[in-house]
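The values are calculated or read from the model by the stated rules, or taken from the named source; none is laboratory data. The structure displayed is predicted, hence computed values, not measured ones. Here the Cβ positions follow ideal geometry from the backbone for every residue, glycine too, while neighbour counts run over all protein chains shown.
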Amino acid sequence: MKPILKTLFIAVVTVSSAAFARPEAKVVPGEYLVKFKASSGGASIAHQKIQGKATLKANFHGLGMMQINMKAGPDEKANFEALKNDPDVEYIEPNYVLEKSDVVVSESFERQSYEQFSNSSFASTNPAVYSQNNANTGIDSAWPVLTALDGSHGKIVVAVIDTGLDKNHDVFKAYNSNGSGGTGSLWVNPIEANGSAGVDDDQNGYVDDINGWNFINNSGNFADDDDHGTHVAGIVVGASQNIFARPLQESKIQIMPLKFLDGAGSGSTSNAIRAIYYAVNNGAKVINNSWGGASYSRALHDAITYAYDHKVLVVCAAGNYASDNDAYPMYPANYDVPSNLSVGSTTRFDDLSSFSNYGANTVHIGSPGEYIESTVPGNQMMKMHGTSMAAPFVAGVAALAMREAPSLSGYQIKELILRTGDTNGYLSSLISTSSRIDALYLLQEAQQMVSTASSQPGYKPSYLSERAPASESSGGGGGCGLVKAVTENGPGSGRGSGGGAGVVIGLLMMPLVFWQALRSREPKSKRKYERFKMSSEIRVMVGDKELVGNVNTISEGGLSFNTEAALEKGGIVTMRIQSPDGHESIEVQGHVVWNEKNQAYGVQFDNAKQGALAMIRDWSASLVKSN
């Protein structure tokens, strides 16, 4: 333990923490997905092929694919190889687990009833104002000019493939013109709703799927036991109106809730695939995927391709590991299917969120994903962070654009979203378009394309090679941090997946060593950033303890401050820095590290926030330089 901390130097280093944040591959033990070739001879031959090697768990009707269970033991690898090498088998792969890891900040947000919420100042209840996020997307300016509900401009169905939905929440209840109802945004399957209980009236393979489906227990009960799905759905519906206003308006969007993630935030690839096929086959025009993993699945690739073939737009969260998706792919966000749209999270200042994944080639558009207020089960409201929150705003706005130009394909809507984004230099080299979504411009352009015919280019998937069984695989992780509410720790906490403490500390030290090496190559009198004197308050969060100190100097490269707190190496801190005039503040987070050579503490940021650096530049303009 080092002595009591007197001076802490903050080094802004943009080295990614992905090396220790990404999880290891996870699979459903013993389960595999097997796709048989069309020429294999049908289901009876397929059943013969797996006899003695595995038991059938599920059959994907019409797809030639099976979900099988192999008994663990010495024969598992041999049976896998036998099926893999069978001339009638197109591919076999593990049934990967898609897992959530929390996006967390230093403050915990409370769940509030509508009565509590409406008496607070968290968001506006003015029906003309959008306040689920504070970015300048122009969405509320577009509301007055949206086409009214009529025969040619009905409701667009958005499938929310997630943890389920609280259908009894006021926001999703049936609409009532007297103002006492909800938005009427819950999708209804009319044949099942008007049919007989216990009967598959529409013969789609799902009995009593009146409003959606639960793929975990195979029932029509898709109740949300996690908060996440309901929060995502509230963001989608909120793109069309202020969900905090009363009375609520009739929604121009319908939510098709498809539950495949359980209350522990875990789901299987097989159930995600079922949900995508269900969404496409039952009329969804937009699919929102606020989840993912690092393991490539050819079966999931095929499902996204199926959506493209049916002109459906698929919106995917890019991930919450502050890592480069160009180098470390995340799926389904990274599939190159032309109608697949990958969304990164931006702040209210339009720079990239510290937790957000990025990719100059693979992450397409930014969208607000911090401090997003939305619905949660129990008829309550709550703030959350994540690319999980950024994606559904894009999905909701995309659905509105489809209403304005109903003939456009999902691919055309994606291209329109990318073309109309609000370009921002802070997103350059991080987002392929260098843009944050511009809802007003998008909808204005969509209204000009009402007579444009549907079109999209041909696409033939280019598959990655099949993977070995999980026990032999050295591939990427199966879980992606795309979800969950704001809790008590800082971004990046607890995201490591194992390894010795020495390795973790070494990785934490690397950015400081790199920074020190760069400095040693320059004259000692030369600084990369000019440093300025500043006397201002700083607040540092160490776990649940808030420490108060004073800033001495500041630059774009970092700052120094005094406090009497003792910090442990490897701890996580959140620093809230007040501007010289006291009117603004910025927040930065990172891991405490110790530089043995300089005998000084430092904080390694998970990702430098360009918006924070821009504010520091503004503050510095009125400050005196420090020697």
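For the range 320-332, check the following and say yes or no: at least one residue is under 22 Å from residue 275 (Cβ atoms), assigned by TED's automatic domain parsing to the domain that holds residue 392 and assigned to a strand (DSSP E or B). Within the range 320-332, one or more residues are under 22 Å from residue 275 (Cβ atoms), assigned by TED's automatic domain parsing to the domain that holds residue 392 and assigned to a strand (DSSP E or B).
Condition test on residue 318, is it among the aliphatic types (A, V, I, L, M) and surrounded by fewer than 24 Cβ atoms within 10 Å (Cβ to Cβ)? Considered against the rule, which asks whether it is among the aliphatic types (A, V, I, L, M) and surrounded by fewer than 24 Cβ atoms within 10 Å (Cβ to Cβ), residue 318 comes out as no.
Any chance the range 316-324 includes a residue that's among the charged types (D, E, K, R), touching a residue at least 12 places away in the same chain (Cβ under 8 Å) and touching a Ser or Thr at 6+ places or on another chain (Cβ under 7 Å)? There is at least one residue in the range 316-324 that is among the charged types (D, E, K, R), touching a residue at least 12 places away in the same chain (Cβ under 8 Å) and touching a Ser or Thr at 6+ places or on another chain (Cβ under 7 Å). Every residue in the range 358-385 that is farther than 19 Å from residue 421 by Cα, under 13 Å from the mean Cα position of the chain (by Cα) and either modelled with pLDDT of 95 or more or aliphatic (A, V, I, L, M) (or both), please. Hits for the range 358-385 are 372, 384. Evaluated against (1) among the small types (Gly, Ala, Ser); (2) closer than 21 Å to residue 338 by Cβ; (3) crowded, with 23+ Cβ neighbours inside 10 Å, residue 405 falls short on exactly one condition, (3). Just so you know, in the range 415-466 the residues that are basic (Lys, Arg) and without any contact (Cβ under 8 Å) to a residue 60 or more places away in the chain include one that is farthest from residue 336 (Cα to Cα), and it is 419. Of all residues in the range 28-56, those satisfying the criterion of being under 19 Å from residue 76 (Cα atoms) and charged (D, E, K, R) are 31, 35, 49, 53.
For every residue, the table says whether it meets (1) part of a loop (DSSP other than H, G, I, E, B); (2) touching a helix residue (DSSP H, G or I) at 6+ places or on another chain (Cβ under 9 Å); (3) surrounded by 19 or more Cβ atoms within 10 Å (Cβ to Cβ); (4) modelled with pLDDT under 95.
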site	(1), (2), (3), (4)
177	yes, no, no, yes
183	yes, yes, yes, no
222	yes, yes, yes, no
226	yes, no, yes, yes
229	no, no, yes, no
243	yes, yes, yes, no
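Scanning the range 61-74 for residues that are modelled with pLDDT under 90 and either among the hydrophobic types (A, V, I, L, M, F, W, C) or over 37 Å from the mean Cα position of the chain (by Cα) (or both) returns 63, 72, 74.
Taking each residue of the range 134-153 that is at positive phi and looking for partners that are of a type in the set (Phe, Trp, Tyr) and not in a loop (DSSP other than H, G, I, E, B) with beta-carbon atoms closer than 8 Å, six or more apart or interchain, yields 138/441. Checked against the criteria, residue 280 does not count as crowded, with 24+ Cβ neighbours inside 10 Å, modelled with pLDDT of 95 or more and either in the same structural domain as residue 408 (by TED's automatic domain parsing) or farther than 24 Å from residue 345 by Cα (or both).
Is it fair to say residue 300 is crowded, with 24+ Cβ neighbours inside 10 Å, of a type outside the set (Gly, Ala, Ser) and in contact with a Gly (Cβ under 6 Å, 6 or more places away or on another chain)? Here the answer is no, as residue 300 does not meet what is asked. Applying the condition of being of a type in the set (Gly, Ala, Ser) and more than 21 Å from residue 219 (Cβ to Cβ) to the range 283-297 and asking which residue is surrounded by the most Cβ atoms within 10 Å (Cβ to Cβ) yields 292. Only one entry in 349, 355 is among the aromatic types (Phe, Trp, Tyr), under 23 Å from residue 231 (Cα atoms) and over 18 Å from the mean Cα position of the chain (by Cα), namely 349.
Quick grid of which residues meet (1) outside any strand (DSSP E or B); (2) over 30 Å from residue 417 (Cα atoms); (3) assigned by TED's automatic domain parsing to the domain that holds residue 395:
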residue	(1), (2), (3)
52	yes, yes, no
68	no, yes, no
72	yes, yes, no
117	yes, yes, yes
128	yes, no, yes
142	yes, no, yes
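Only a single criterion out of (1) touching a Leu at 6+ places or on another chain (Cβ under 9 Å); (2) touching a residue at least 60 places away in the same chain (Cβ under 8 Å) is not satisfied by residue 211, namely (2).
crowded, with 24+ Cβ neighbours inside 10 Å and in a loop (DSSP other than H, G, I, E, B) - does that describe any residue in the range 257-269? Within the range 257-269 (the criterion being crowded, with 24+ Cβ neighbours inside 10 Å and in a loop (DSSP other than H, G, I, E, B)), the answer is yes, since at least one residue qualifies.
Applying the criterion of being at pLDDT 80 or above and among the hydrophobic types (A, V, I, L, M, F, W, C) to the residues of the range 16-49, the residue that is farthest from the chain's Cα centre (by Cα) is 45.
Please determine whether any residue of the range 295-304 is at pLDDT below 95 and either in contact with a Leu (Cβ under 6 Å, 6 or more places away or on another chain) or of a type in the set (Ser, Thr, Tyr) (or both). Taking every residue of the range 295-304 in turn, at least one turns out to be at pLDDT below 95 and either in contact with a Leu (Cβ under 6 Å, 6 or more places away or on another chain) or of a type in the set (Ser, Thr, Tyr) (or both). Among the residues of the range 102-123, write down those that are farther than 25 Å from residue 317 by Cα and at pLDDT 85 or above. If the condition is that a residue be farther than 25 Å from residue 317 by Cα and at pLDDT 85 or above, then 112, 113, 114, 115, 116 are the ones that fit.
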